[in-house]
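What follows draws every value from the coordinates through simple rules; no lab data is involved. Note that the coordinates shown come from a computational prediction; the quantities given were computed from them, not determined experimentally. Quick reminder, even Gly has a Cβ in these numbers, built from the backbone with ideal geometry, and neighbours come from all protein chains shown.
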Amino acid sequence: MAFRINNVKKYQQCPKHFLLDYTDISTGFPFIYFSESLIDAAKKHLHIAADDLFTGTTSQTSADTKAGMESKTWACLARFEKHNFRIKVSFLKKEDDGYIYYALCRTCFPKEDETRRLFMEKWLLEEEGIHIKHIALLHLNAAYERNGDLDYDNLFCISDNFYKDTNKVGKNVDEVVNRYQYDMLSALEDMKRIVDEGECDNEFKLECTKRGKCARYHSCFNEDELEDDSILFLNGTRKKYEMYLNGKTKITDVLLGEDVDGTYLQYAQYMACLKNREFVDVNALSSWLETSIHLPYIYIDFEWDTLGIPMYDKMKPYDVLVFQYSIHIDDGETVIHKEYLGNGGDSREAFIKQLIADIPEEGIVIAYHAEGAEKLRLQELAYQFPEYADDLLKICDRMVDLTYPIMNGLYYHPKMRGTYSLKKLYAVINDNHGYNELDIDHGLKAVEAYRNLDSLSEEERLKVRQELLEYCGMDTYAMLKLVNHLKKICEERTKELLEKLKK
């Protein structure tokens, strides 16, 4: 039995979370794509001579590692294990009075939340007699822009300081790590006890939802058993959990303006649950539909992959590579569908050319989460390909975010259960038909499928390409259906109000 850093982090968060992860090991899909090993790229930045480098391997013990390091200046992926705790450190450099630990970070601006990891690594290294005189952060350089071959000297930065939330230089790493206190031995002993016993309390705690729901939340608490009006679906407040534990279990038990602020979104949820039907702010929603969008409606959705290391010119670390779009065009009489799916490699220019050709010159371009997704992608492409910038930015200027009426409480259905994704909305208005009938039914699965296309046979590739087209097409079709539903419900509610006035 050997615990890793992530095991200890999960234990600190919640012993139940730790136990579930430890006994049900699953490898998640990597959201960020690295075209080459980050470790190998960092070696080139550090200019480490191959004959002066010890590289650890999976099966090595602490004794093996220390023996291998003895005659070398540098150690990479060095393994150490003690007290049932095992670590793998990125880069150690030997100096006369100790080692410098170059801690490889996957982000461009490492924050103080790296402190726990660095503390645990330094603690075990010191336990093994490896004195760490200094910790330096080795991280990707957010300002680096590729032009031709990768420039490894400028791809990374080395920093002695963490970064603030604003990405400005923050506190000194050594000082923060040295101040951090945690009883590792007691934690490791308790972790072993929990694993040996194979069970752990799963009573609800406020930590279960701190900064969003824990990844194992649904393993402990089955929300499918909750009613649609459960207070646990109330948005915009963590007080709902305290109220739930104190007996206020329904959204309609809440006193708006006292228990919670009573935001537009909360009011919409409250009224929908009170009436047990869709809430519609008829005046506001009708006004938005009449003034913000007009025919032809051009619904658009992009798919993209995030590249940790820039693969093509004009890209920076963590830029994205767009590879697919779907467009539904509704002129009030007919609906036309257009689409694009790349064939691998640098698909950006082909994507741009076909997109410009496929989007009509007139009409509102509608996307779900446009401000944080499609609009950003267009602005990035305009920067990377200035020859198309005018056309791309004109599309941006015509773009409307379909989340506006939803996230501002102009519409809410109790069956949404506090979730505002396009998939959830489509399931509500279309009686659960749609995405659940697709082989590829969410964005990460689409990215994974596209990444793996080259490894498939021709027959399999054609099948997966069709599945990708169906998924992206469903997103724009769902937007079309949502707008039509919003228009219809406004008409129905306006008619209801007029009939009441007549009486």
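Let's see if you can work this out: charge +1 on each Lys and Arg Cβ, -1 on each Asp and Glu Cβ, no other charges. What is the dipole magnitude of the chain about its Cα centre, in debye to the nearest 20?
Dipole about the Cα centre, nearest 20: 1220 debye.
So if we plug the beta-carbon distance of Glu459 and Glu36 into 1/(1 + (r/R0)^6) with R0 = 35 Å, what FRET efficiency do we get, rounded to 0.05?
That pair, Glu459 with Glu36, gives E of 0.70.
For a quick size check, give me the Cα extents of region 286-493 along its three principal axes, largest first, whole Å.
52, 38, 32
Could you check the spin-label model distance between Leu438 and Asp24? Points 7 Å from the Cα along Cα→Cβ, value in nm.
2.6
Under 25 °C and 0.890 mPa s, how fast does region 148-251 diffuse according to Stokes-Einstein, given a Kirkwood radius computed over C-alpha pairs? Answer in µm²/s, whole number. Don't skip to the answer; put the middle values down first.
Numbers: Rh = 18.8 Å.
Reported coefficient: 131 µm²/s.
Where does region 39-150 land on the Kirkwood hydrodynamic radius, alpha-carbon pairs, in angstrom?
14.8
Positive end of the charge dipole of region 34-111 (Lys, Arg +1 and Asp, Glu -1 on Cβ, about the Cα centre): tell me which of Phe54, Tyr102, His83 has its Cα farthest that way.
His83
Any number yet on Rg/Rh for region 1-91, C-alpha, Kirkwood?
Answer for region 1-91: 1.04.
Go through 44-52, 236-244 and give me the packing order, highest mean Cβ count within 10 Å leading.
236-244, 44-52
So what's the back-of-envelope 222 nm ellipticity for the chain, counting only DSSP H runs of four-plus at -39500 (n - 2.57) apiece and dividing by all residues, rounded to 500?
Result for the chain, helices only: -12500 deg cm²/dmol.
For region 119-222, what is the charge dipole size about the Cα centre, in debye to the nearest 20, if Lys and Arg each add +1 at the Cβ and Asp and Glu each add -1 at the Cβ?
The calculated dipole for region 119-222 is roughly 580 debye.
Given an 8 Å cut-off on Cα distances and at least 6 residues of separation, report the relative contact order of the chain as a percent.
Details: 736 pairs, mean separation 64.4, N = 503.
Once normalised by length, the contact order is 13 percent.
For region 294-363, treating each Cα as an identical point scatterer without solvent, what Debye log10 I(q)/I(0) comes out at q = 0.13, 0.23, 0.24, 0.25 1/Å?
-0.44, -0.96, -1.01, -1.06
With 14 Å as the cut-off, how large is the P(r) tail for region 453-503, expressed as percent of Cα-Cα pairs?
Value for region 453-503: 69 percent of Cα pairs lie more than 14 Å apart.
What is the Cα radius of gyration of region 308-411 over 2.2 N^0.38 Å, N being its residue count?
Working it through for region 308-411, the quotient is 1.14.
Could you give the Stokes-Einstein D for the chain in µm² per second, using the C-alpha Kirkwood radius, 10 °C, 1.306 mPa s?
Value of D from the Cα-based Kirkwood radius: 60 µm²/s.
Treating only the Cα positions of region 222-275 as identical point scatterers, give the base-10 log of I(q)/I(0) from the Debye formula at each q in 0.12, 0.13, 0.15 Å⁻¹.
With one equal scatterer per Cα and no solvent, log10 I(q)/I(0) is -0.22, -0.26, -0.34.
Using only alpha carbons, build the gyration tensor for region 173-310 and give me the equivalent ellipsoid semi-axes, biggest first, whole Å.
40, 26, 17
Give the residue from Ala427, Ile336, Val464 lying farthest towards the positive end of the charge dipole for region 286-493; charges sit on Cβ (+1 for Lys and Arg, -1 for Asp and Glu) and the dipole is referred to the Cα centre.
The listed residue farthest towards the positive side: Ala427.
Under the classification rounded if a/c is under 1.5, otherwise prolate if a/b is larger than b/c and oblate if not, where does region 344-467 fall, given a ≥ b ≥ c as square roots of the Cα gyration tensor eigenvalues?
oblate
Note down the relative contact order for region 36-182 as a percent, whole number, built from C-alpha pairs under 8 angstrom at least six residues apart.
Result for region 36-182 is 20 percent.
Taking 51 Å as R0, compute the FRET efficiency from the Cβ-Cβ separation of Tyr312 and Lys503 and round it to 0.05.
E(calc), rounded to 0.05, equals 0.20.
List the relative contact order of region 222-275 as a percent without decimals, with contacts defined as Cα pairs under 8 Å and 6+ residues apart.
Details: 43 pairs, mean separation 19.4, N = 54.
Computed over region 222-275, the figure is 36 percent.
Provide the FRET efficiency to the nearest 0.05 for the Thr166-Glu448 pair, computing r from the beta carbons and using R0 = 51 Å.
Computed FRET efficiency for Thr166 and Glu448: 0.95.
Quickly rank 354-366, 316-328, 401-413 as a protection proxy: mean count of other C-beta atoms within 10 Å, highest first.
Order by mean packing, descending: 316-328, 401-413, 354-366.
How much length is gained on full extension from Ser292 to Lys9, taking 0.36 nm per residue of separation minus their Cα-Cα distance?
Numbers: separation 283, 0.36 × 283 = 101.88 nm, distance 4.66 nm.
Length gained, Ser292 through Lys9: 97.2 nm.
Give the peptides 91-100, 146-155, 371-380 in descending order of average Cβ contacts within 10 Å, highest first. Kindly include the intermediate steps, with their values, before the conclusion.
Numbers: 91-100: 15.3, 146-155: 13.4, 371-380: 18.2.
Per-residue Cβ counts within 10 Å, averaged per peptide and sorted highest first, yield 371-380, 91-100, 146-155.
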